Structures are given as structure tokens and as C-alpha cells.
1. Using each residue's phi in the stretch 271-287, evaluate 6.51 cos²θ - 1.76 cosθ + 1.60 at θ = phi - 60° and report the 3J(HN,Hα) Karplus result to the nearest Hz, with x for Gly and Pro.
2. Using the Cα gyration tensor of the stretch 14-70, with a ≥ b ≥ c the square roots of its eigenvalues, what is the shape: rounded (a/c below 1.5), prolate (a/b larger than b/c) or oblate (neither)?
3. Once you've got the Cα coordinates, tell me which of K167/K265; K148/K265; K193/K225; K30/K70; K2/K70; K10/K45 are over 21 Å apart.
4. How big is the stretch 109-177 on each of its three principal axes, counting only the C-alpha atoms and giving the largest first in Å?
5. Does the stretch 118-158 come out rounded, prolate or oblate by the C-alpha gyration tensor, with a ≥ b ≥ c the root eigenvalues, rounded set by a/c under 1.5 and, if not, prolate when a/b is larger than b/c and oblate if not?
6. In deg cm²/dmol, rounded to 500, what helix-only [θ] at 222 nm does the chain give when every DSSP H run of at least 4 residues adds -39500 (n - 2.57) and the total is split over its residues?
7. For the chain, give the magnitude of the charge dipole about the Cα centre (Cβ charges: +1 Lys/Arg, -1 Asp/Glu; no others), in debye to the nearest 20.
8. Suppose the chain between Q274 and A24 were pulled fully straight at 0.36 nm per residue; how much longer would it get relative to their current alpha carbon spacing?
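Every number here is computed from the coordinates shown, using simple stated rules; none is lab data. The structure presented is a predicted model; accordingly, all values stated were derived computationally and were not measured. For neighbour counting, all protein chains shown are included, and Cβ atoms are generated from backbone atoms with ideal geometry for every residue, glycine included.
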Amino acid sequence: MKPVIYVTRKIPECLLEPYQGQFAFRMWEKSEEPIPRDVLMEEVKDADGLLCLLTEQIDRDLLDQAERLKIVANMAVGFDNVDIAAAAEKGITVTNTPDVLTATTADLTFALLMASARRIVEASAYIKKDAWENWSPYLLAGADIHHKTIGIVGMGRIGQAVGRRAKGFDMDVFYHARSRKPDAEREIDAVYKDLDELLAEADFVVCLVPLTDETEHLFDREAFKKMKRSAVFVNVSRGGTVDEDALYDALTDGTIRAAGLDVFKGEPIGADHQLVQLENVVALPHIGSASEETRSKMLKLCLDNLAAVFNGDEALTPVKV
Ligand code: DGY
């Protein structure tokens, strides 16, 4: 009997094809809509493996239902949607998708930083609504990026890739992380700062920390007050790292200049979300890793992790407890 793999979203058959000999796949048949919780609770009961997305909460209650489950292959580098401790207790391997999305996510981070600083979305909307009547000296003038200082909070793979991009713009790179990163210090002259110093000195503050108990609301009212009034805040990590009410106040009372946000606390959000309403916010629907190539690589890595575990090998990218 082939192991049963439950896939929580409709993904291209061509990706599953090479693994059909090894696995019996069952899949939620909608590509845009997440699987309802009650359906997933039923489906995991006889699944040997799960390929899931960040839209699913893989918590203790769900794992309690999944008596046969050996592996949860989460299609994201972040894994705050999975109860890692509960999985470990039950001997279930959890894998994520690092590396394959690093460059793509760093590209998007930089695009968002640039769009926020140079008011690109606002400028595009301006012309589309037929508002452009004259060229004038300060029309839609934004902030320079080159020769400024970027402060990267969370200097993992993506943070370092963002730092390399910043060097191409002649920026000074500051970073804050749980441990020093000698490679980044050597290769891109990244300078370690404690968090308060980084917040006070950076022109661009970029959040790339994973969401954990320690980083929840790391960017709170106090943190925004420590930033320059000209600072641009960019978040490509998880919405939970930010106190969104505090950010709203900081953006409306002039505490900081602008924000570029790819992630929000309660995703998906609507056009009526208070942050989306602001002209000095560029808001994106969590598309950090969303290139066709990278999304396919992420899915393939999930499938390779499943294959490794059922072949009796080590998972390729296990999440360490
Ligand atoms: C991740 O991988 O954690 C992103 O948020 C989605 O690509």
C-alpha cells in the first residue's frame, strides 16, 4: 500500500506526476480557497503525510487526529502555523522550504522598499486616474535610497540577500540578529547594532525575523518612536511581529514617513483595513516568494522531503526543534 499524502491545496498535476509511483495523493480541489478546518480534520485521520500551506493551522488538536502522520511538509520557510513541539512529541517530522525562496523574497523586499520610498504605487495610481496635468519640481517626490542606511532586523538567509542588494545601491548595512553574522560582516560590511541603535540610525528598517513568542509585537509603539521621522518601515516577515495600531498611529502622526507591508496580522485583509487606506503605505498580499519558478521549487522541495522520509532517509530541510 502506498503512503497516503494529503495536499491541502490544488497544485499542478505535473508536479505530482514524478511521485505518483511512490504515493497515493489526495488533494483539496480548490487552488484559491483554503481547505476548511473541519474538512482537514477529517482528511488527516488516515494521512501518512501532509503537504500544507501557511493558511492551515497545524496545531495539537489537528495532530491528535492524525494517528498515522509521519511528516508535515510546510510550503513556506516560516513555520509559525505549525505546533513544532506537539509534532516533535508525536515523532512527526516537520519540514519547511528554506533557500529556494531566498533570492525571490529578497528581490520583493527590495522592490517594496523602493516602491515605498519613491511612491511608485501612488504615482502609478495618479496617472491612471488622469490626475497628471504638469511636471512640477516636487510632484510625487519621495526619499532617496542610494547612500542611505538600511537596518535589517533578522539577518538570516533572506536578510543577508537583502543586504547584498543594498550594497548595489551604495547603502550602509546595519543589522540586528540573535547572533553575529561574520560572513555578512566580511562580505557586505554589515555592521551589527543593538536594536535601539539600529532603530535610531536606519533610514529603512526592514523586518525579517520569524514570528515567535519573543518577536510578537517587536515593532510596537516604543519601537516606532525610536525611529527617525524620515524612516521607512518594511515588513516581509509575519504581520504578528508588528503592533498594527501602533504602526497606524506612527504613520498618521508623522512618527515615521512610510511603510511597505507584505504581511498582516489577520490575513487576508480587505481594502477597508486601516493601514491599506493610507497613502504612505504600499500594501501587498503576502507575495514575498511569489514567482512562478520559486513557488514550483517550494512545492518540489515539499515533495522531495516527503519522498526522503518515506524512503527512510533524513528529511532534506527539517525544522529543528
Ligand atoms: C514563507 O515562506 O514563510 C513566506 O511567508 C511565504 O513564502
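1. With the stated coefficients, the stretch 271-287 comes to 5, 7, 4, 4, 6, 5, 5, 7, 5, 8, 10, 9, 10, 10, x, 6, 10 Hz.
2. Oblate.
3. The answer is K167/K265; K148/K265; K30/K70.
4. Extents along the principal axes: 46, 20, 17 Å.
5. Values: a/c = 5.96, a/b = 2.23, b/c = 2.67.
Note, shape of the stretch 118-158 comes out oblate.
6. Details: 12 runs with 107 residues, N = 321.
Mean residue ellipticity at 222 nm (helix-derived): -9500 deg cm²/dmol.
7. Values: 37 positive and 54 negative charges, 145 e Å.
Value, rounded to 20: 700 debye.
8. Residue separation times 0.36 nm, minus the Cα-Cα distance, leaves 85.5 nm.
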